[in-house]
Amino acid sequence: MPIGPGVGFGTMEHADGSHPPEEMYEASLSYLRQGGRHLDCAELYSTAQHVARAIKDSEIERSELH
């Protein structure tokens, strides 16, 4: 079942250092493959490169993402 438009996905790394930022690639890709289209991204999250790779690998059109 696709994720509704009111549900956003936060892409901030674990502030406590318990998980490396690279894990955000797998989490973001999974979210996108399940139908999610709303990503909460910010440069200070240190995960931009991993989220960008997930978007690219998902092959979802940029116009579908928020």
Which ones in segment 37-52 are under 15 Å from VAL7 (Cβ atoms) and open to solvent by less than 60 Å² (accessible area, probe 1.4 Å)? LEU39
Which residue is surrounded by the fewest Cβ atoms within 10 Å (Cβ to Cβ), if the candidates are limited to segment 4-36 and must be assigned to a loop (DSSP other than H, G, I, E, B) and either at pLDDT 95 or above or among the acidic types (Asp, Glu) (or both)? ASP16
Return the residues of segment 37-51 that are at pLDDT 90 or above and either touching a Lys or Arg at 6+ places or on another chain (Cβ under 8 Å) or of a type in the set (A, V, I, L, M, F, W, C) (or both); say none if nothing qualifies. LEU39, VAL51
I'm trying to understand the selection: among the residues of segment 42-66, which are in contact with a helix residue (DSSP H, G or I) (Cβ under 6 Å, 6 or more places away or on another chain) and closer than 12 Å to PHE9 by Cα? VAL51
Do we have SER58 as open to solvent by less than 80 Å² (accessible area, probe 1.4 Å), in contact with a Lys or Arg (Cβ under 7 Å, 6 or more places away or on another chain) and at pLDDT 90 or above here? yes
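The values are calculated or read from the model by the stated rules, or taken from the named source; none is laboratory data. Remember, predicted model here, so these are calculated numbers, not experimental data. Because the Cβ atoms are built from the backbone with ideal geometry, glycine has one as well, and the counts that use them run over all protein chains shown. What goes into the accessible areas is simple: the full protein's heavy atoms, side chains included, and nothing from ligands, DNA or RNA. Shrake-Rupley method; radii C 1.70, N 1.55, O 1.52, S 1.80 Å.
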